[in-house]
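What follows is a short report on a single structure.
The values are calculated or read from the model by the stated rules, or taken from the named source; none is laboratory data. The structure presented is a predicted model; accordingly, all values stated were derived computationally and were not measured. Positions of Cβ are backbone-derived with ideal geometry, glycine not excepted, and every protein chain shown enters the neighbour counts.
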Amino acid sequence: MEPHFTIGEIIVYRRVRDGRVMVAAPLRVVEDTPECVVLYQAPNTAFKSARTAGGSKVHDFSSWILTDVVWTGGSLLRLIRPGDWHCVDVEFDARGEFVSWYVNFQTPFRRTASGLDTDDLVVDLVVTPDRGYRVKDADDYRRAVADGHVLADSAAHVEIELARMIERVRRWETPFADSRWPTWRPPAEWSAPPALPAYADE
């Protein structure tokens with residue numbers, strides 16, 4: 001039986017590539033069921049993320065360092081279904097108002113004793129409430145595939161999954177048609193961001 005996390009529990013959500021942690025963030029568990037894990041990231045959450053030596057976003061995955069950063073802007077909910085090659089972030093602004101969905105393509109998550117691990121596959125899909133959408137970081141994705149940082153098998157899954165999610169937007173299907181999460185609000189006691197455990201990047 002796979003472990004299940006309890007509501008309000010703080011877990012470590014990590015993106016790991018070739019045994020190296022690229023992102024590690026403390027998130028609270030909203031729900032954990034066989035169908036979906038839902039996590040909450042509070043505003044101003046301190047986490048670790050891959051950056052260039054100059055502190056900017058990584059485009060060349062052959063060279064990066066893990067850096068302490070702080071999430072700026074609003075908050076988000078992360079919806080992750082077991083076996084899916086993506087997660088869906090429900091993004092809110094600083095006032096807690098829903099602004100967009102952010103589909104991050106990644107390997108299916110793996111449970112650990114302290115949280116969830118996955119590997120980011122670079123390309124993303126941004127979906128707005130007016131049913132608009134745009135593919136984000138497509139050039140970085142193509143570069144990562146060409147350089148072998150995203151393997152052919154994973155790339156095949158991404159192509160299928162990206163087309164499927166775009167079709168869901170066009171048909172306005174789940175999760176975009178669901179009203180539950182865009183109107184969700186965190187309990188008051190969740191307003192302060194949790195600290196990242198010291199072992200998160202091990």
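Quick look at the numbers
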| item | result |
| --- | --- |
| Candidates TYR141, TYR102 - the one that is modelled with pLDDT under 95 and not in a loop (DSSP other than H, G, I, E, B) | TYR141 |
| Residue match in region 169-184 (condition: surrounded by 16 or more Cβ atoms within 10 Å (Cβ to Cβ), out of contact with any Pro (no Cβ under 8 Å at 6 or more places or on another chain) and not in a loop (DSSP other than H, G, I, E, B)) | yes |
| Residue in region 96-111 that is surrounded by fewer than 15 Cβ atoms within 10 Å (Cβ to Cβ) and more than 17 Å from the chain's Cα centre (by Cα) present | yes |
| Qualifying residue in region 73-96 (condition: modelled with pLDDT of 95 or more, farther than 26 Å from HIS157 by Cβ and among the aliphatic types (A, V, I, L, M)) | no |
| Within region 60-70, considering residues that are surrounded by 14 or more Cβ atoms within 10 Å (Cβ to Cβ) and in contact (Cβ under 8 Å) with a residue 40 or more places away in the chain, the one nearest to TRP181 (Cα to Cα) | LEU66 |
